[in-house]
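Worksheet: one structure, shown below.
Please treat every number below as a calculation from the coordinates, not as lab data. Worth saying up front: this structure is predicted, and the values here are computed from it rather than measured. Glycine also receives a Cβ, built like all others from the backbone with ideal geometry; neighbour counts cover every protein chain displayed.
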Amino acid sequence: MPSVPKPAPPHGTVTLLDEEAGTQMLSFFSTTVVLLLGTAVSLAYLFDALSSLPLRPATLICALALATLIGIRKGHARIAGQILIWGSWAIILASAPFGSGNRSVGVVGIPLLIFMQGWLKGPRHAIGMTIATVAALLGISLAEHYNWITQAGPIPPLLRWLMLCAIFCIMGFFTVLSHRLHLKRYSEQVRLATTLALVTEHSPIMLAAVDAEGRYRYVNNNYAHFHGKSTDELIGNPVVDTVGADTLRQIRQTLLKNDDGRGAYRSRHQDPVSGIERWLETSVQQARTNDGAEDGFYAILRDITDEVRSAEQVNFLAYHDSLTGLPNRALMLDRLRQAILRGEREDSLVVVCYLDLDGFKRLNDTWGHSTGDSVLIQLADRLQDCVRGTDTVARLGGDEFVVLLGGIENREEIPATVARLLKAVECPIPISESRSIALSASIGVSVCPLNGEEPDVLLRNADQAMLIAKQSGRSRCSLFDTELEGRARALYQTTANVERGLAEGEFVLFYQPRVNMRLGTVVGVEALIRWAHPEEGLILPVSFLPYVEGSEVAVRLGRWVLAEALSQMQRWSAIGLHLPISVNISGHHLKAPGFGEHLAKLLEAHPGIPAERLEIEILETAAMEDVEKVARIIRDSASLGVSFALDDFGTGHSSLTYVRRLPARTLKIDKSFVRNILEDPEDLAIAKGVVALARSFGREVVAEGMETIEHGVALLSIGCEHAQGYGIAHPMPAEAVPAWIAQWKCPACWGDAPRPAT
């Protein structure tokens, strides 16, 4: 059978002495010592001329060498080495008083023994042998001084030659033995380095090993390439010359912070090759010797530039409008909250201007969405030019803007500011080289503290004032006043009607299927409330839910939805249909006292229904208002088996920190992003970002508002497999769900849709 050649070691590794060769050399030197001294001893016994030789020490040395040889043959090289070192040490010092004392030839071998002991066992063992040697030599010196021992005469030349040969043979033997043990001690480290080199050769990971003196012990090709050097240029050279003193100091501080000798940090670096700023994640681990002493450190570096930039983009889009770059609703509400607090301290007014363009839909229909987007971008710049640097201009969506003014001393300043805003809107906006269009806007204004002291209240009042302005004509402004407040009282009537309808059983649940587009299976349904009004017919939730939000009626309505959904699951289970149901509840209901207790009682009242089939959806914006409390409620409810989903994801904060802190299983991409993914690259980018974010945190993702088959193909191409929307099915009564599931067929193109690149 032909032999297989051994692979060449990777670049940057060290080739050590072969173990078989080391063993052969050990055997050779051991045999040499035995034969040499054995011959000398035999001659001493046979010939009277050599009768003066000290046979006992020579015999003992020969026996030690023989015992060591036997030990090595038995596989106990380390133990045999220690016996030989200490045995030789004892024989040399015990023979010295009977030779020339401290001037004995054998004493010259003691330093070599100490050196070998330090190499094999470490500095502590060498120090111990040194102390023992000093003590023994002092004892011999005292014995010589007080004539406690009788020294022999001069050493015969033959004996001196034999003793020197024995010492050098023993030292040679120790050298080979030390190399053999050194090989055995570090062979695993070399194998590890070789493996790491092979593994990381085609990996983006950068690896470096640094010794206790701050010099590179090992680097892989990726690390060397990042610093614009080769591995040969780095290995053996100081680390500080490559990374700088500040980075090295940061590494040492990271190691000192943790008792386990490991840590990680992120940092920015200037790429020496391309000059591009890169983000690195560095993980460091303290290296230690067998006796626990610090022996440098290991560093693993990973280029996370793309991850950081993606996170920054997602975070920016979470707080800013993707088209204009203006703050979105979430950021605007946060700044409004800060402005209210600042106004309280400074005794000043905060003004909220709600701006809605007149007839903007007609502009989009006439000139196209691209022209409409261009107009909105130019208008955003104009509005920012009309206000101070401390004020905020935000886009809520579509053609709706909010201008937040802080530090207003009196109400007389408001008309002038509003007039500037209207003038900026009415100034013609160019849409081509030869054509411009003129717009108008309706503005509603609310003032803090005159019209409320809560951000949501101020925004709602400004919105109501804007509707009054729009009803009064175009290019008008309306200030929220008591008359509008009177109209708002009609909300209370709506709340009362909802409470009555709930008591009389006028509400029903419709169900919209959720499917796995890749597999073509129905994975659940979402429960959607409807008001079967006896006079007005079926009323959608948008007509009544906003009016009861934050009230006790909303809590009772949410409890009814939960109970009805569980009862419906029980009815479906009776006919063999086991469908998970998602239920929407308000943030006020979730944070209401006794939510967990009431949920537990509902689950106990339906023992045949596994809690895992119930999913509770909460609005992202509601969760962010009190993230710590919401996270605690979610964890408590999850202990019952219930899962949670963040609804309308992407319209609120969408901060990575918040996503990490909220233990919600599912993220639902808001339909406002899904609807336009075929036409709007920004919406597609947001959807991709949400899918990537969900994958990074181990969350499921569901797309809402999937309206066409083509939308499904686009969603599958970015890795989103679960979806719901009119492109699958409209919400339907409970009794229609089984028949729909039985006849529904997944479009063939969904199963054949390309998978996202990994």
(message) Treating the range 639-749 as a set of equal point scatterers at the Cα positions, no solvent, please give the Debye-formula log₁₀ I(q)/I(0) at q = 0.10, 0.11, 0.13, 0.14 Å⁻¹.
(response) -0.32, -0.38, -0.53, -0.61
(request) Would you be so kind as to identify which of 298, 245, 263 lies farthest towards the positive end of the dipole of the range 203-303, taking Lys and Arg as +1 and Asp and Glu as -1 on Cβ and the Cα centre as origin? (result) 263
(request) Return the whole-Å distance between the Cα centroid of the range 211-290 and the Cα centroid of the range 731-758. (result) 52 Å
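Once fully extended, how much extra length lies between residue 563 and residue 252, figured as 0.36 nm per residue of separation less the alpha-carbon to alpha-carbon distance?
On the way: separation 311, 0.36 × 311 = 111.96 nm, distance 5.82 nm.
Taking residue 563 through residue 252 to full extension adds about 106.1 nm, to one decimal.
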(message) Could you derive backbone 3J(HN,Hα) for the range 334-344 from the dihedral phi with the Karplus parameters 6.51, -1.76 and 1.60 (θ = phi - 60°), listing whole Hz in sequence and x where the residue is Gly or Pro?
(response) 5, 5, 5, 4, 5, 5, 5, 5, 5, x, 5
(request) Using label points projected 7 Å from each Cα along Cα→Cβ, tell me how many nm separate residue 124 and residue 453, to one decimal. (result) 6.9 nm
(message) Give me 517, 129 sorted ascending by neighbouring Cβ count inside 10 Å, so fewest comes first.
(response) 129, 517
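Please work out the Kirkwood hydrodynamic radius for the range 203-303, using every pair of different C-alpha atoms, and report it in angstroms with one decimal place. Let's see the in-between values first.
Details: mean 1/r = 0.0724 Å⁻¹.
Answer for the range 203-303: a Kirkwood hydrodynamic radius of 13.8 Å.
Find how much the distance from residue 636 to residue 377 grows on full extension, using 0.36 nm per residue of separation minus their present alpha carbon separation; answer in nm with one decimal. Before the final figure, lay out the partial values.
On the way: separation 259, 0.36 × 259 = 93.24 nm, distance 4.53 nm.
88.7 nm is the gain from fully extending residue 636 to residue 377.
Determine the dipole magnitude for the range 529-589: charges of +1 sit on the beta-carbon of Lys and Arg, -1 on that of Asp and Glu, nothing else is charged, the reference point is the Cα centre, and the result goes in debye to the nearest 20. Mind showing how you got there, number by number?
Details: 4 positive and 5 negative charges, 51 e Å.
That gives the range 529-589 a dipole magnitude of about 240 debye.
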(request) List, largest first, the extents of the alpha carbons of the range 312-488 along their principal axes, each in whole Å. (result) 50, 43, 26
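Neighbour counts of other C-beta atoms within 10 Å: give me 409, 552 arranged from fewest to most.
Working: 409 10, 552 13.
Going from least to most buried by this count: 409, 552.
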(request) Subtracting the Cα-Cα distance from 0.36 nm times the residue separation, let me have the gained length for residue 289 to residue 540 in nm, one decimal. (result) 83.2 nm
(message) Suppose each label sits 7 Å from its Cα in the direction of the beta carbon; what would the residue 732-residue 628 distance come out to in nanometres?
(response) 4.7 nm
(message) Under a Cβ-only charge scheme (Lys and Arg +1, Asp and Glu -1), can you give me the dipole magnitude of the range 312-488 about the Cα centre, in debye to the nearest 20?
(response) 400 debye
(message) As a footprinting exposure proxy, order 598, 589 by other Cβ within 10 Å, with the fewest listed first.
(response) 598, 589
